[in-house]
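The values are calculated or read from the model by the stated rules, or taken from the named source; none is laboratory data. Predicted model only: the values in this text are computed from it and were never measured. Using ideal geometry, Cβ is built from the backbone for each residue, glycine included, and neighbour counts are taken over all protein chains shown. What goes into the accessible areas is simple: the full protein's heavy atoms, side chains included, and nothing from ligands, DNA or RNA. Shrake-Rupley method; radii C 1.70, N 1.55, O 1.52, S 1.80 Å.
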Amino acid sequence: MNKDDRRNISTNQIYALKALAIFGVVTAHGTAVPDFFPYFSIVLSKVIQSIGSMGVGIFFCVSGYLFTQGTSRHLCFAKFWKKKFLTIIIPWVISATLVYLYVAVRKGGTIGEWLTSILGYLSSYWYLSVLMILYLAFWFILKSNYVKVICILLCACSFLSVALRVAHIIPQNAFTVYLNVFNWCIFFSIGVLLADAQKIWKIAYKMQYILCFAVMVIVLFLGIQKTNVSYFSWFYLPIEIAVIFAAICISRHIAVNRFVQKIGKASFSIYLYHELPWAGLTANICNRFDSFLLVLVRPFIVLGMTYLALWGGHQLLKCLGQEVVYRKLTGYRE
């Protein structure tokens, strides 16, 4: 196996990780069921919602890993942010605006609410706001001689942030959970550390069955108790760390799958558009029917419909010779 083959396998594994992450993100939206549904449907919904809380941590970890391994961190400050503006911020603002208009047309809205929605206050775009802060911080951190020490300290800050919330010293709200960068820097830091930690990768691969089994048992146990893993849970950080390493192990086995690769490549645009309108529409229709099968297939419906819509738009614009513009505006990759 030559160097190029190893590089290609690594790239496909990253796509597989992104595919697992976006599946998690998709399951976070539109999978709750009414309280009057049967016990089994509620348990299944809670299990799926637990999966929904796991995708974001994987995305942060992958972002930290790629940022450390890639060349963009070596760009000058202006060129770095120009690249992020073109590849992330433009598609982000367009998507957030469309989602907000979709809601505002039906319920009304203001310019202030539109701006806060873009920034992630009470919207799913909080992830991108936090990611931009982490990019900014680590652009400087990675130029220091104490990268590992800083990453370890940031991991400790994440646990401290959770402890402060559990102790009710800081409140459980959007600013201290979703938009609190200290809750998420642990995962980005893990990605940075994994970029130069082959021993950890080998240990994870050796423990892959234990990791996957442990995660499944925890999720099922919580589901039976009619609860789920959530960002607000005091135990979220340790479980998510286990999930990240389990996902790394799983991704190695599914990396060769072409469909998984396509989902991974399109993961950013799927994240941007799965709520417009697929997540809400799917939940609205499925919650009218008391069927555990409909609970089970919801994430797959949302993921499939979002990907087909993005792919269809790309094919249409490709016929018109405007596929490059489409990619720039939507963040779509194939």
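So between residue 293 and residue 113, what do we pick up on full extension, going 0.36 nm a residue minus the alpha carbon distance? Length difference between fully extended and current span is 61.1 nm.
Pairs of Cα atoms nearer than 8 Å and 6+ residues apart set the relative contact order; for the range 105-235 it is 23 percent. Dividing the helix sum by the residues of the chain, where each DSSP H run of 4 or more adds -39500 (n - 2.57), gives a mean residue ellipticity at 222 nm of -23000 deg cm²/dmol.
Surface composition of the chain: carbon and sulfur make up 70 percent of the accessible area, probe 1.4 Å. Our estimate of slack between residue 66 and residue 104, defined as 0.36 nm per intervening residue step minus the Cα-Cα distance, is 10.1 nm.
For the range 191-283, the Kirkwood estimate of hydrodynamic radius, built from reciprocal distances between every pair of different alpha carbons, is 15.7 Å. For the chain, the relative contact order comes to 33 percent (Cα pairs under 8 Å, sequence separation of at least 6). Altogether, the Stokes-Einstein calculation at 25 °C and 0.890 mPa s, with the Kirkwood radius of the range 130-170 over Cα pairs as Rh, returns a diffusion coefficient of 215 µm²/s. Sorted largest first, the spans of the alpha carbon positions of the range 91-172 along the three principal axes are 50, 34, 15 Å. In the structure shown, the pairs 107/226; 262/318; 79/328; 83/143; 148/265; 18/328 are assessed against 22 Å; a Cα-Cα span above that value is assigned to 107/226; 148/265.
Taking 0.36 nm per residue of sequence separation and removing the Cα-Cα distance, the residue 76/residue 210 pair yields an extension gain of 43.9 nm. Rolling a 1.4 Å probe over the heavy atoms of the protein chains gives the chain an accessible area of 51 Å² per residue. Comparing 176, 87, 11, which has the greatest mean-square fluctuation in the GNM of the chain with Cα pairs linked when under 10 Å apart? Of 176, 87, 11, the most mobile in the Gaussian network model is 11. The convex hull defined by the C-alpha atoms of the chain has an orientation-averaged projected area of 19.1 nm². Using the average count of surrounding beta-carbon atoms within 10 Å as a protection proxy, the listed peptides 130-138, 54-62, 227-235, 165-173 rank, highest first, as 54-62, 130-138, 227-235, 165-173.
Site pair residue 320 and residue 133 shows an inter-label distance of 3.8 nm when each label is modelled 7 Å from Cα along Cα→Cβ.
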